[in-house]
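Values quoted throughout were computed directly from the atomic coordinates according to the rules given, and no laboratory measurement underlies them. Bear in mind the structure is a predicted one, so any value in this text is a computation, not a measurement. For neighbour counting, all protein chains shown are included, and Cβ atoms are generated from backbone atoms with ideal geometry for every residue, glycine included.
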């Protein structure tokens with residue numbers, strides 16, 4: 001699976017990592033739905049940190065299509081709410 005973090009780049013992750021990321025994604029969705037800014041910041045930070053920790057960065061000149069696109073760490077809650085509204089699966093597919 002290839003995950004892009006907006007403004008940072010892409011990481012490749014083993015498909016088995018999808019369960020970990022989906023769990024974190026669910027926590028992010030819950031925080032967004034509740035409008036809880038503090039929980040949102042924590043959940044987004046945890047999701048992005050785990051992508052960076054579990055994945056391997058792709059070279060900057062790589063043009064591989066992304067399976068998931070995550071917002072930047074400084075994204076606003078309302079912007080992430082809009083991203084989630086466009087998806088039936090959250091930010092991480094599967």
| What is the spin-label model distance, in nm, from residue 72 to residue 41 if the labels are put 7 Å beyond Cα along the C-beta direction? | 1.7 nm
| Rounded to 5, percent antiparallel among DSSP beta bridges of the chain | 65 percent
| field | Computed lengthening from residue 63 to residue 81, 0.36 nm per intervening residue step minus Cα-Cα distance | value | 3.8 nm
| task | Would you work out if region 2-85 is rounded, prolate or oblate? Take a ≥ b ≥ c from the square roots of the eigenvalues of the alpha-carbon gyration tensor; rounded if a/c is under 1.5, else prolate when a/b is larger than b/c, oblate otherwise. | result | prolate
| message | Cut-off 10 angstrom, C-alpha nodes, Gaussian network model of the chain. Which of 25, 61, 74 fluctuates the most? | response | 61
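Tell me, what is the percent relative contact order of the chain, built from C-alpha pairs under 8 Å that lie six or more residues apart?
That works out to 43 percent.
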| field | Acute angle (nearest 10 degrees) that the helix 18-34 long axis makes with the longest principal axis of the chain, alpha-carbon atoms | value | 30 degrees
| message | Can you give me the angle between helix 37-54 and the longest principal axis of the chain, using Cα atoms only, in degrees from 0 to 90, rounded to the nearest 10? | response | 10 degrees
